[in-house]
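**Q** Dropping the structure in here first, questions after.
The values are calculated or read from the model by the stated rules, or taken from the named source; none is laboratory data. Please read all numbers here as calculations on a predicted model, not as lab measurements. Don't worry about glycine lacking a Cβ; one is built from the backbone with ideal geometry, like all the others, and counts go over all protein chains shown.
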Amino acid sequence: MKYRLLAGSIALALASGQVWAGQDVFETRMDAMGGTGVAAGNRISAAFVNPALMSLPDRQSEDVSLLLPALGAEVADDDDMIDKFDTLEDNYDALDAAINRGDSAGILRYRDALVGDLESLRGNVAFANAGLGLNVVLPSSNNLSLALFSKTYLEGFAVANISDADILMLSTIDPTAPPALDNLTSQGRIVAGAVTDLGFALSTAFEINEMPVTVGIAPKYQRLDTFNYAVSANDFDVDDFDSDDYRNDNSGFNVDIGAAIQPMTGLTVGVSGRNLVKQELTTVMSQGQQLTYQVKPMVTAGVAYQYSGFTVSSDLDLTENQKFAELEGPKYWRMGGEYQPASWFAVRVGYRQDLNDVTPDIYSIGTGFTIGSAFSIDLTGMFGSDDALGGALQTSYYF
């Protein structure tokens with residue numbers, strides 16, 4: 001990984017593991033197919049990844065399509081870091097209580113347990129991301145399609161910064177004459193960023209030599225939030241990371257664009273450019289450290305082929321998705337497939353590889369069910385290296 005402005009404590013911790021996700025959106029069908037969607041996306045997901053897809057001949061509709069909601073999350077904590085912090089806090093409180101009541105045996109027991117907790121946390125890293133999406137696609141008319149959408153995506157990492165001074169201090173505590181226990185100088189830190197979009201997507205279709213061609217645009221209001229939570233290890237609580245004391249925010253406008261063609265029956269080729277206006281937001285200063293969260297232009301190309309109930313697809317990021325200026329970002333190659341043996345049922349598989357080797361490689365599997373003509377539900381599970389696990393769920397309605 002690359003680090004330019006990070007202090008050594010964060011850089012050393014991050015160097016020990018892969019921590020960043022960077023998918024930017026959860027949509028259950030796409031997630032099950034490895035995150036592919038620039039060419040394979042359907043009518044209801046197009047506004048999130050490539051607005052041009054809405055006006056392809058096989059994706060136009062006279063119905064209203066409602067996605068409410070799309071939910072997803074991914075986590076990787078192969079060190080069990082969060083649980084270790086909870087155990088450390090319990091042992092710290094127990095040691096403090098033993099010192100206050102003069103319990104020499106308890107002091108010795110909890111002193112050694114606390115030293116072990118600190119040693120086990122050295123170099124630990126965890127990451128998580130979560131998202132929520134809503135979308136309404138209006139009936140197509142005269143080769144025009146319109147959607148109203150909203151989505152929020154949060155991604156972050158946690159690191160443990162362990163101080164040798166704490167371990168030395170604890171190791172030399174005399175159980176018969178202990179000093180008062182101060183806060184540890186070791187720290188737990190959570191750094192996160194969130195992007196919320198609210199906008200509309202518009203696309204239109206035309207032909208070149210009888211070949212369907214579509215273009216689309218999605219202007220949007222965009223809000224950025226950053227979080228930089230750092231406290232003494234004995235006070236670390238993951239639920240406190242979004243407190244106002246550790247949070248910064250800003251808002252503005254941005255735009256996505258896309259194009260798609262169907263050079264032959266069943267074959268779709270697409271390209272999208274998302275967040276064409278670069279946005280940056282620094283975190284608050286916390287324990288002497290500050291980072292810069294950014295939303296940069298992201299270009300992705302994709303291809304998909306459909307035949308007799310089967311769909312195969314692949315997407316490739318043409319730009320790096322660098323979220324923090326101080327850290328290298330991922331650049332994904334994605335591939336996936338779907339088999340729909342009946343109109344009411346589909347199974348999907350996929351794979352996502354980070355070509356920059358910043359995040360874990362992810363495998364995915366999912367399914368979808370349509371009940372009647374007005375309701376569908378989709379489920380996806382994801383797993384990968386570094387004990388990465390994730391899932392996504394969405395429900396859709398058609399009128």
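**Q** In the stretch 266-293, what residues are of a type outside the set (D, E, K, R) and more than 30 Å from VAL231 (Cα to Cα)? Before the answer, list the steps.
**A** We begin by selecting, within the stretch 266-293, every residue of a type outside the set (D, E, K, R); these are 266-273, 275-277, 279, 281-293.
Within the stretch 266-293, GLY266, LEU267, THR268, VAL269, GLY270, VAL271, SER272, GLY273, ASN275, LEU276, VAL277 meet the criteria.
**Q** Identify all residues within the stretch 33-63 that are of a type in the set (Ser, Thr, Tyr) and out of contact with any helix residue (DSSP H, G or I) (no Cβ under 7 Å at 6 or more places or on another chain); write none if there are none.
**A** Filtering the stretch 33-63 for residues of a type in the set (Ser, Thr, Tyr) gives 36, 45, 55, 61.
Those that are of a type in the set (Ser, Thr, Tyr) and out of contact with any helix residue (DSSP H, G or I) (no Cβ under 7 Å at 6 or more places or on another chain): SER55, SER61.
**Q** Looking only at the stretch 148-169, decide whether some residue is crowded, with 23+ Cβ neighbours inside 10 Å, farther than 27 Å from ASP242 by Cβ, in contact with a helix residue (DSSP H, G or I) (Cβ under 6 Å, 6 or more places away or on another chain) and not β-branched (Val, Ile, Thr).
**A** Within the stretch 148-169 (the criterion being crowded, with 23+ Cβ neighbours inside 10 Å, farther than 27 Å from ASP242 by Cβ, in contact with a helix residue (DSSP H, G or I) (Cβ under 6 Å, 6 or more places away or on another chain) and not β-branched (Val, Ile, Thr)), the answer is no, since none of the residues qualifies.
**Q** Oh, and also: Do any helices (runs of 4 or more DSSP H) entirely within the stretch 21-109 hold 3 or more residues that are surrounded by fewer than 24 Cβ atoms within 10 Å (Cβ to Cβ) and out of contact with any strand residue (DSSP E or B) (no Cβ under 8 Å at 6 or more places or on another chain), and if so, which?
**A** Working: elements: 28-32, 46-49, 81-101.
The helices (runs of 4 or more DSSP H) meeting that bar are 81-101.
**Q** Could you say which residue among GLN294, GLN279 is farther than 23 Å from TRP333 by Cα and surrounded by 15 or more Cβ atoms within 10 Å (Cβ to Cβ)? Give the steps one after another, and end with the answer.
**A** On the way: GLN294 fails: farther than 23 Å from TRP333 by Cα.
Among GLN294, GLN279, only GLN279 is farther than 23 Å from TRP333 by Cα and surrounded by 15 or more Cβ atoms within 10 Å (Cβ to Cβ).
**Q** For the stretch 297-327, name all the residues that are buried (at least 20 other Cβ atoms within 10 Å of the Cβ) and under 21 Å from TYR153 (Cα atoms).
**A** Within the stretch 297-327, the subset buried (at least 20 other Cβ atoms within 10 Å of the Cβ) is 298, 300, 302, 304, 311, 313-315, 317, 321-324, 326-327.
The answer is MET298, THR300, ASP315, ASP317, ASN321, GLN322, LYS323, PHE324, GLU326, LEU327.
**Q** Now a separate question. Would you be able to say whether some residue in the stretch 49-62 is hydroxyl-bearing (Ser, Thr, Tyr), in contact (Cβ under 8 Å) with a residue 12 or more places away in the chain and over 20 Å from PRO330 (Cα atoms)?
**A** Applying the first criterion (hydroxyl-bearing (Ser, Thr, Tyr)) to the stretch 49-62 yields 55, 61.
Then keep just the ones that are in contact (Cβ under 8 Å) with a residue 12 or more places away in the chain; that gives 55, 61.
Cutting the leftovers down to over 20 Å from PRO330 (Cα atoms) gives us 55, 61.
Checked against the condition, which is being hydroxyl-bearing (Ser, Thr, Tyr), in contact (Cβ under 8 Å) with a residue 12 or more places away in the chain and over 20 Å from PRO330 (Cα atoms), the stretch 49-62 yields at least one hit.
**Q** Which ones in the stretch 11-57 are modelled with pLDDT under 95 and touching a Lys or Arg at 6+ places or on another chain (Cβ under 7 Å)? Even if it seems obvious, please write down each step before you answer.
**A** Of all residues in the stretch 11-57, those modelled with pLDDT under 95 come to 11-25.
TRP20, GLY22, VAL25 - these are the residues of the stretch 11-57 that are modelled with pLDDT under 95 and touching a Lys or Arg at 6+ places or on another chain (Cβ under 7 Å).
**Q** Which of the residues that make up the stretch 227-265 are among the small types (Gly, Ala, Ser), closer than 19 Å to ASN183 by Cβ and without any contact (Cβ under 8 Å) to a residue 40 or more places away in the chain? Step through it out loud before you land on a result.
**A** Looking only at the stretch 227-265, we keep the residues that are among the small types (Gly, Ala, Ser), and these are 230, 232-233, 243, 251-252, 258-260.
When the remaining residues are screened for being closer than 19 Å to ASN183 by Cβ, the result is 230, 232-233, 243.
The one that is among the small types (Gly, Ala, Ser), closer than 19 Å to ASN183 by Cβ and without any contact (Cβ under 8 Å) to a residue 40 or more places away in the chain: SER243.
**Q** For ASP117, only one of the following conditions fails: (1) buried (at least 17 other Cβ atoms within 10 Å of the Cβ); (2) of a type in the set (Asp, Glu); (3) closer than 30 Å to ASP249 by Cβ. What is its number?
**A** (3)
**Q** Only one of these conditions is not met by ASN124: (1) modelled with pLDDT under 95; (2) surrounded by fewer than 18 Cβ atoms within 10 Å (Cβ to Cβ); (3) in contact with a Lys or Arg (Cβ under 9 Å, 6 or more places away or on another chain). Which number is it?
**A** (2)
**Q** If you go through the stretch 335-349 one residue at a time, do you hit one that is in contact with a helix residue (DSSP H, G or I) (Cβ under 7 Å, 6 or more places away or on another chain), acidic (Asp, Glu) and surrounded by 21 or more Cβ atoms within 10 Å (Cβ to Cβ)?
**A** no
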